[in-house]
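These notes concern the structure reproduced below.
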Amino acid sequence: MILCSTGALLGRANGRNFYLLEELAPRLRCDGYELMIYQDWYRREQELTAYLQQLKLNIPAVHCEKDIGKKIGEGGDELLAEAIRDYEANCRIACAAGAELLVLHLWSGLISDQQIENNLSAYPRLEAIAREHGLLLTVENVVCNRLEPMIHLKTLVERFPEVRFTFDTKNAAFHGQLEELYAPENGWLRQHIAHYHVNDYAGGCMEWDKFLGPVKPIGTGRLDFDPFFAHVRQSGHTGHLTVEATGFDQTGTVDTAMLNGQFAILRRELEK
């Protein structure tokens, strides 16, 4: 199933106004949506969930608010408790939206993986909460500033053999690790991937100035997607693939034609 991240549609330029989904959805030719949750939506949780239930969009995946991993990484009982409260709100929103899968930045922010043991140690509690809500928790291969995501994914598999991942092409390419997805010795990784984010990247290994900013659509960066799509087809992947390419400009206007072109690329490649 080809999903559109609502983060591609809603940003600071248009006030992260979730009411725009009603206007935009009829113009988008995706199969469903991955709802990106923002911190300023917590105080509007009831309003948001009521709207999503009335709107009845197909939302099989929810991307948890990104500061959860940051708070966990910073450590301390107070911040951990706050992160868990926020995470539980994410789970409630996901349930109200009818989602089945969560995407989590287990480590995030400026602290990233600087205190990775805090993040890894929190995983069992986070997974249990997701399971209590009937949700599958997936950990994204988020970029790092101390080590690199593949090391942390491998550690998660060693400690928690049932862990599942969301694999992001841009994040992998930033660390020079996209090709590792196809390497024969990394079958352990492929067995744990439940979900993909399909984004382009125009920089080299750890070029932060090329990484930050709008997410690039397929075909506007340097990534070779032929082996990626071949891998997805050959692996028999039955989960979702999400387009996250930034679709709004500085005025908040959304380029639905560009996004529809992205969905068409994915559909064409998957049908080969």
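Laid out as a table, the results:
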{"read-out": "Accessible surface, per residue, of the chain when the full set of protein chains is kept, probe 1.4 Å, Å²", "value": "43"}
{"read-out": "Mean Cβ neighbour count within 10 Å, used as a protection proxy, ranking 9-18, 105-114, 178-187 highest first", "value": "105-114, 9-18, 178-187"}
{"read-out": "Extension gain (nm, one decimal) between His133 and Asp77, 0.36 nm per residue minus Cα-Cα", "value": "17.8 nm"}
{"read-out": "Solvent exposure ordering (accessible area, 1.4 Å, most first) of Trp41, Trp188", "value": "Trp188, Trp41"}
{"read-out": "Amide H partners (placed H, <5 Å) of Arg164, local residues excluded", "value": "Val139"}
{"read-out": "Other-chain or far-sequence residues with amide H under 5 Å of Thr242's (modelled H)", "value": "Leu3, Tyr196, His197, Val198"}
{"read-out": "Burial order of peptide ranges 164-176, 50-62 (average beta-carbon count within 10 Å, highest first)", "value": "164-176, 50-62"}
{"read-out": "Per principal axis, descending, Cα span of region 23-91 in whole Å", "value": "45, 22, 16"}
{"read-out": "Lysines with Cα under 16 Å of Lys170, excluding same-chain neighbours fewer than 8 positions away", "value": "Lys210, Lys216"}
{"read-out": "Angstrom value of the Kirkwood radius, inverse mean 1/r, which spans all Cα pairs in the chain", "value": "18.8"}
{"read-out": "Amide H contacts under 5 Å for Gly221, placed H, 5+ residues apart", "value": "Tyr201"}
{"read-out": "Accessible surface of the chain [probe 1.4 Å, protein heavy atoms]: carbon and sulfur percent", "value": "49"}
{"read-out": "R0 of 35 Å, Cβ-Cβ distance Leu57-Arg233: FRET efficiency to nearest 0.05", "value": "0.80"}
{"read-out": "Descending semi-axes in Å of region 140-181, equivalent ellipsoid built from Cα gyration tensor", "value": "17, 11, 8"}
{"read-out": "Rounded FRET efficiency, nearest 0.05, which uses the C-beta distance separating Val157 from Gln250 and R0 of 35 Å", "value": "0.25"}
{"read-out": "Free-standing Cys, the chain [no other Cys Cβ under 4.7 Å]", "value": "Cys64, Cys91, Cys95, Cys144, Cys205"}
{"read-out": "Equivalent ellipsoid dimensions for region 144-272 as semi-axes, Å, which come from the Cα gyration tensor, largest first", "value": "25, 19, 13"}
{"read-out": "Alpha-carbon centroids, region 1-65 and region 219-242: separation in whole Å", "value": "24"}
{"read-out": "Gain on full stretching of the segment that runs from Trp188 to Arg125 - 0.36 nm per residue minus C-alpha separation", "value": "20.4 nm"}
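The values are calculated or read from the model by the stated rules, or taken from the named source; none is laboratory data. Keep in mind that what you see is a predicted model, and the values were worked out from it rather than measured. Glycine gets a Cβ as well: all are built from the backbone with ideal geometry, and neighbour counts include every protein chain shown. These area figures cover heavy atoms from the full protein model, side chains too; ligands, DNA and RNA do not enter into them. Shrake-Rupley method; radii C 1.70, N 1.55, O 1.52, S 1.80 Å.
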